[in-house]
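Report on one structure; see the data block that follows.
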Amino acid sequence: MSTLTASAGPVKVLVVDDSILMQKLMTQIINSTPGFQVIGVAGSAEEGWDAIQELRPDILTLDMELPGRHGLKLLARVLKQDPLPVLIVSAFGGPGADNTIQALELGAIDFIEKPDGATHTLEGFMKHVAAALQRASASRRLMAAAKEMVTQQRPQSAPARPAALHVPANHGKVSLIAIGASTGGVPAVQTVMRDAAHLRLPIAVVQHMPAGYTAKFAARLSAATGLDVREAADGERLRPGMAVVAPGGLKHLEIEERRGELICHLKDAPLVSGHCPSVDVMFHSVARALGSHAIGALLTGMGRDGADGLLAMRKAGAATLIQSGETCVVNGMPKAAFELGAADRVVPLDQIGGAIAGLLGERPQQRTA
């Protein structure tokens, strides 16, 4: 029986949380979401591990603060043995937020903030859980398809490539690298920035995250890449060796050119492509400000945010890359860009930094570990 056939029927979800109230709430929400069913609950990391081995869930929801072994250790163990989509359900603030960033770096595909009765309401929490389940299910289907292709050794598993590679004539004068990502983007963005750090070009990043997480994300990127990475501030000047991350859930980030300098502009505006900040908004601004003096990279994510903006960048003369589908957690945004003809190249995640270096006439950085 094929992997895809075997997965027919409700998507099986295991809930790991030490709060009985949260166990009941998650069970109610998941079972009321069409196509999903809770097959078990666990109150500790040890119980969670045993339940995974016995029940073989399709999706895992995981609280970070658990008695006994910490949730991060369970996450690392699960993803090392047999990766499955993991949704982090975390209390916002304090160490919980930092733990969530670590979890996303390890490979968790999404996070959900627990309701607190004020900022994060129960109604919002229920909607977020339902949406996250859909993202996790899409990721699971991609994982299953990839496994089946490997098993059957299908030639289609190779990434599709556009017929021709566009390289701007003035590629040596590139002034900015613009990166957009969503689900699965935390480790993907870190990989690209680490591999492109030696180029010392300014980098602007839009990663879909709620307010409060992007500052921590920027700090961790700084430690991992050696670049000066910070949450973008309105009016901030971009310099070589510096990167900015759009503040989560607050304002859209635009890049402007003023008297030869690149300036961050944060503006209030409705959701664009379903998001604030929006990758489309940032990419469109880069197309206007820099034209062919930029490189755009659209990474893993659900939906189509960034596809229209990447096309605008390509039409303006910029070099544009998208992450290959088989290396995405969710191949939504890159696929939408490919279908629009917005991509010069389709590149596996671990080769994007090298591809950017090649566009600049530089050698890829050698990995040390």
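The values are calculated or read from the model by the stated rules, or taken from the named source; none is laboratory data. Small disclaimer: the values here were computed from a predicted structure and weren't measured. Cβ atoms come from the backbone with ideal geometry, glycine included; neighbour counts cover every protein chain shown. Heads up: the accessible areas ignore ligands, DNA and RNA and are worked out on the full protein's heavy atoms, side chains in. Shrake-Rupley method; radii C 1.70, N 1.55, O 1.52, S 1.80 Å.
Extension gain, residue 21 to residue 363, is 117.7 nm, computed as 0.36 nm per intervening residue step minus the present C-alpha separation.
For the range 16-87, the solvent-accessible area of protein heavy atoms averages 46 Å² per residue (probe radius 1.4 Å; ligands and nucleic acids excluded). The orientation-averaged shadow of the Cα convex hull for the range 314-369, equal to a quarter of the hull surface, comes to 4.5 nm².
Non-local amide H neighbours of residue 232 (under 5 Å, H modeled in plane, Pro and chain starts lacking H): which ones? Under 5 Å from the amide H of residue 232 lie the amide H atoms of 245, 246, each far enough along the sequence or on another chain. Extension gain for the segment residue 211 to residue 134, taken as residue separation times 0.36 nm less the Cα-Cα distance, is 25.5 nm to one decimal. Among residues other than residue 206 whose Cβ falls under 13 Å from its Cβ, what is the net charge (Lys/Arg +1, Asp/Glu -1)? Net charge around residue 206: -3. Only protein heavy atoms count here; under a 1.4 Å probe, residue 267 has an accessible surface of about 70 Å².
With all protein chains in place and a 1.4 Å probe, the accessible surface of the range 178-298 carries 50 percent carbon and sulfur. Among the listed pairs 114/315; 80/267; 73/251; 12/315; 12/80, those with a Cα-Cα distance over 32 Å are 114/315; 80/267; 73/251; 12/315.
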